[in-house]
1. Using R₀ = 60 Å, calculate the FRET efficiency as 1/(1 + (r/R₀)^6) where r is the Cβ-Cβ separation of A:Thr141 and B:Leu35; round to 0.05.
2. Name the trypsin sites (Lys or Arg not before Pro) in the range A:1-39 that are in a loop by DSSP and that have at most 12 other C-beta atoms within 10 Å, would you?
3. What is the extension gain from A:Gln25 to A:Phe79, computed as 0.36 nm multiplied by their sequence separation minus the C-alpha to C-alpha distance, in nm to one decimal?
4. Between A:Thr65 and B:Ser190, what is the FRET efficiency for a Förster distance of 22 Å, r being their Cβ-Cβ separation, to the nearest 0.05?
5. Determine Rg/Rh for the range B:21-93; Rg is computed over alpha-carbon atoms and Rh is the Kirkwood hydrodynamic estimate from the same atoms.
6. Mind checking which lysines have their Cα closer than 19 Å to the Cα of B:Lys54? Skip sequence neighbours fewer than 8 apart in that chain.
7. Given a Förster distance of 30 Å, report the FRET efficiency between B:Ile58 and A:Ile50 from their Cβ-Cβ distance, rounded to the nearest 0.05.
8. Just the Cα atoms of the range A:29-134, one point each, no solvent: what log10 I(q)/I(0) does Debye give at q = 0.18, 0.20, 0.25 Å⁻¹?
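Only the coordinates and a few stated rules stand behind these numbers; no lab work does. Fair warning: this is a prediction, and the values are worked out from it, not measured in the lab. A quick note on method: Cβ atoms are made from the backbone with ideal geometry, for glycine too, and the neighbour counts reach across all protein chains shown.
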Amino acid sequence: MNFTDVLRLPCPSAEDYAALPIYMQRLAEDIEAKILAQRALITQFNNPQICIWRGGSFDNTFASTDSLNFFLGTPDIVFSNYKVPPFNQDPTFQITGSLFNQSGIWHLGVAVLGMFPTGATTNDSFRLLRVQVSKGTSGGTSSIVNTGRRVNAETGAVEYFTTEFTILVDEEFNKYRIDANITHGNVASTMTVPANGMFAWVMRIGSADIIEVT
Amino acid sequence: MVATTSLGLEYQVGTDRPCDAPGVWCDFVDTLESLLIPLNDSVARLRPAVPAAKAKLITPFTIPLNTSFGLPLPFDSVEFDTDNMIDLTSSRYEIKPNRLGTYVCLGTMKGTANPGNNSHVQLFINTCDFNLDPFVSGAGFCGFYDSSSPIDALATYYWRSTHRLNWDGTFTFGPSLFVSTPTAIALTISEATLTLYWVGD
């Protein structure tokens with residue numbers, strides 16, 4: 001049997017004439033395997049891991065001594081095309097549960113779609129959205145990313161926050177957790193975020209390997 | 001008489017001699033290989049890795065008062081770089097793509113700012129070629145920015161700016177990160193990042 005130089009596709013020699021059916025079967029299986037591999041790569045490019053959450057109803061207002069935490073899970077998912085191990089669950093955007101299902105470079109974003117005081121406003125009081133990605137290690141927890149948005153509110157206006165960032169996730173992707181919360185300094189009254197006012201998304205960009213084809 | 005498909009794949013027809021089949025077969029797989037290799041290369045451009053790089057400034061960096069036009073941030077570390085886009089030994093101010101195409105640019109910054117009489121600090125991504133020197137001024141600058149809310153208290157603030165870049169390879173320098181501060185604000189940056197990743201030709 002002969003083979004092509006690069007992809008090693010089989011073709012018969014003259015003395016293999018009697019074995020043509022077997023060789024044809026092997027050729028067909030080789031072609032199929034290579035096409036399926038290409039299809040998998042293209043599918044991953046066209047359909048990278050993405051999850052989008054929009055927060056549920058937040059009935060409770062919170063004071064300047066408290067915080068409002070993001071707990072976005074299955075009921076809040078607007079769109080998701082991946083699950084996380086080990087139990088094939090939906091990804092969660094909160095301090096417990098897993099967010100990533102693969103190592104590589106990920107792009108994440110958070111938005112708070114309006115936050116406002118329920119009563120009087122303390123002039124120049126802050127509103128702070130903080131997002132931290134951390135990884136559990138044998139020595140405790142290692143902070144990977146700290147980001148957020150701080151607003152100094154002059155009046156009782158509705159405030160909007162957005163932040164986004166990229167992160168390199170290693171092979172221990174199941175050890176990463178995300179902690180997002182809002183605090184404020186409005187002592188004159190409590191603050192509230194409207195129902196469905198929390199929005200978050202993640203998208204995998206690709207692996208961190210050096211590219212082979214420019 | 002050997003026939004071919006529109007892509008040039010050889011096959012036998014009924015009038016061909018069966019004993020010629022091995023030769024036709026080998027012509028077939030040679031042609032098939034020549035078709036699959038470019039397809040493999042094309043697919044390999046998309047996954048598993050695409051050009052993506054993230055430069056960081058993690059050494060505390062102070063922006064002087066009244067840097068009204070802007071100061072470029074000197075990166076000191078690399079978080080990831082899949083296409084040799086960052087070379088801190090030759091330039092600490094840029095990420096320069098190698099593959100042509102469209103890129104997402106994302107800049108982030110975290111820093112401590114003093115009370116500034118309700119003034120703003122701005123973080124820019126400069127996507128224009130700064131020709132000879134990253135310390136550009138006036139006409140050499142174009143950017144897309146994020147502005148902090150009025151800074152009324154000493155605290156840690158966060159900025160982020162995003163932009164799409166069409167990189168055609170004609171620029172001498174790649175995108176950079178700029179910070180502009182008004183008269184009354186002193187800013188100490190604890191971390192700044194610039195990410196570029198390719199999304200298409």
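1. Details: r = 51 Å, r/R0 = 0.86.
For A:Thr141 and B:Leu35, the calculated efficiency is 0.70.
2. A:Arg8
3. 15.3 nm
4. Details: r = 26 Å, r/R0 = 1.19.
The value I calculate is 0.25.
5. Expressed as Rg/Rh, it is 1.42.
6. B:Lys96, B:Lys110
7. The value I calculate is 0.55.
8. Rounded to two decimals, the profile gives -1.02, -1.16, -1.50.
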